[in-house]
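Working notes, beginning with the structure itself.
Read-outs throughout are calculated quantities, based only on the coordinates presented, and are distinct from any laboratory measurement. Being a predicted model, the structure only gives us computed values, none of them experimental. Cβ coordinates were reconstructed from backbone atoms using ideal geometry, including for glycine residues, and neighbour counts include every protein chain displayed.
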Amino acid sequence: MRNRILMTATEEMAVQGIKFTMSDLAQKLAVSKRTLYEYFDSKEELIGAIVDQFLNDIRQQGMAVIKDDGLSMAEKIKQFQVIYPLKRYDPLMSRILDDIMRYLPEEREKINRFRDEEWDLIEEIIRKGVEAKYFRPVDPAVIKMIFNGISDQLSNYKYMSQNNLIPKEATSIMVDILLNGLVEPDKKTNRMPFLCNSWLY
């Protein structure tokens with residue numbers, strides 16, 4: 001029953017966001033509210049359990065990427081960042097995640113701690129890459145700032161929707177630019193033209 005409640009609550013969140021009520025959920029499941037409260041003390045606890053499942057899903061996929069010896073260090077970083085949760089968690093990758101970060105401080109802290117865990121894994125890959133002279137030695141604090149910026153923008157539903165951006169595709173592009181730069185490979189040895197003031201007017 002607990003899993004049914006979690007799955008149905010996730011479906012309700014897809015329709016109503018975090019504003020769904022326990023009454024809505026009980027009606028959907030054809031059970032009493034009392035039955036729901038036998039498993040979860042509050043709606044907030046229920047949402048917290050959904051967030052836990054969501055993060056655990058990403059965590060498991062992330063560890064699989066880290067352990068994949070067939071990927072280069074750059075590929076591991078890219079694959080790690082474009083991990084996408086199971087289909088049923090799609091709503092948490094859009095407006096609902098934004099609402100959770102805004103209005104549920106305990107879940108926000110949980111997600112931020114998870115980001116720190118993710119960063120520790122990425123930093124270890126970068127450290128090994130620098131030791132192997134695969135990556136240039138760059139201050140990890142700067143790279144972390146970039147990755148955190150990516151995460152912040154991906155949870156900005158308004159910005160993403162206004163620009164018709166799909167989270168997974170946008171992440172892939174941003175990480176690719178981070179790893180490979182903006183300049184086309186065959187142009188990297190050429191100097192940029194001098195930008196005289198007349199170009200600005």
**Q.** Phi to ³J(HN,Hα) by Karplus 6.51 cos²θ - 1.76 cosθ + 1.60 over region 48-54, Hz, x for Gly, Pro
**A.** x, 5, 5, 4, 4, 4, 4
(Q) For a test of understanding, tell me how many lysine pairs in region 51-187 have Cα atoms under 20 Å apart, given they are 8 or more places apart or on different chains. (A) 17
Q.
Just to check I understand the Karplus step: with θ = phi - 60° and J = 6.51 cos²θ - 1.76 cosθ + 1.60, what whole-Hz values come out for region 5-17, glycine and proline as x?
A. 4, 4, 5, 5, 5, 4, 5, 5, 5, 5, 8, 10, x
Q) In Å, what Rg and Dmax follow from the Cα atoms of the chain? A) 21.0, 72
Q.
Rounded to whole Å, give me the distance from the Cα center of region 15-60 to that of region 95-146.
A. 28
Q: Taking the dipole about the Cα centre of region 51-187, with the C-beta of Lys and Arg at +1 and of Asp and Glu at -1, give me whichever of 137, 119, 79 is farthest to the positive side.
A: 79
